[in-house]
Amino acid sequence: MTASLRASIEAPPVTGRRRSRRTWLVTVLLCLASVAMLYPLLWMLASSFKPADQIFGTASFWPQQWIIDHYADGWNSFGFTFGRYFVNSFIVAAGAIVGNLLSCSLAAYAFARIDFKFKKFWLAVMLMTIMLPYHVVVLPQYIMFQEFGWLNTFFPLVVPKFLATDAFFVFLMVQFIRGLPRSLDEAARIDGCNRLQIFLRIILPLIRPALATTAIFTFIWTWNDFFTPLIYLTDPAMYTVPLGLNAFLDSTGESAWGSLFAMAVLSLGPVLGFFIVAQKYLVRGIATTGLK
């Protein structure tokens, strides 16, 4: 065997080289994109340990002097601790999760399994509400809740969730339930189960990934919601975390940036923790929706 033939056999194929270069390039681009996305969070974390005059006064990323006073000042900046805002946000988020899981699953079961008059029409109306901007219904809802005497309470933030107002989650569960074989329902009906028993004993256990996805998104969206609590809550003791963070800002320019960044870092903890714990359920719920 000649040396040139041996070299051509032992040399890796050109396509393999191109593929490895492409993989290397994609990896580098993804790393750069990750750094660009994480930089604001890392800068906020570093700024929470900087003295107030160094937050915007120096170009250095790392603090020249590490302090933790911003965390103590931010936690006790108001007439009560910042933990009050965490408690309020947890109450609202918990109520929203329970409401969405209960109402959206029932509505999805009705659309996916029960035949009733004008079902396709009402399903289309439900899907069209996804395209309806929330700001369109703010004024009618505000007037209605004002008539109910619910202003400055958590009811406007929680009660609508028990009425299946989040059409996205209804659609998510409809697609998931449609992927389940109807023979399960028929077998349960032969055994004497009614519709409610079929829903509780058959459907709910099988759509746990979709329920987990609904719970995760509901928690994140409710925890980060600023606009809705701003409309209905006026008492500072009733504020949620986003409104509490906004209280550190002053239109005259005397904003407590160090305390704001410190409390913003703490407010990310529940969201990141909830997401890390339930990440596998989120991926499974999205990946398997409508494919079973």
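Bear in mind these aren't lab numbers, they're just calculated from the coordinates by the rules spelled out. In this text the structure is predicted, and so the values were computed from the model without any measurement. Ideal geometry is used to build each Cβ from the backbone, glycine not excepted, and the neighbour counts take in all protein chains shown.
Numbers for the structure displayed
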item	result
Nearest-0.05 FRET efficiency for Phe155 and Leu32, computed from C-beta distance (R0 35 Å)	0.15
Peptides ranked, highest mean first, by Cβ atoms within 10 Å: ranges 212-219, 122-129, 174-181, 226-233	212-219, 174-181, 226-233, 122-129
Cα lying deepest toward the dipole's positive end in the chain, options Ser60, Met128, Phe148, charges on Cβ	Met128
Count, lysine Cα pairs under 24 Å in the chain, 8 or more residues apart or across chains	5
Ordering of 30-36, 140-146, 201-207 by packing [mean C-beta count within 10 Å, highest first]	201-207, 140-146, 30-36
Extension gain (nm, one decimal) between Arg201 and Gln279, 0.36 nm per residue minus Cα-Cα	25.5 nm
Modelled FRET efficiency - R0 51 Å, Trp75 with Cys193, Cβ distances, 0.05 increments	0.45
Ranking of Tyr109, Tyr39 by count of other Cβ atoms within 10 Å, fewest first	Tyr39, Tyr109
Packing rank of 184-191, 80-87, where each peptide gets the mean count of other beta carbons within 10 Å, highest leading	80-87, 184-191
Distance in nm between pseudo-label sites at Val137 and Ile91 (7 Å out along the Cβ direction from Cα)	2.5
Ascending count of other beta-carbon atoms within 10 Å, so fewest first, for Ile55, Ile67, Ile130	Ile130, Ile67, Ile55
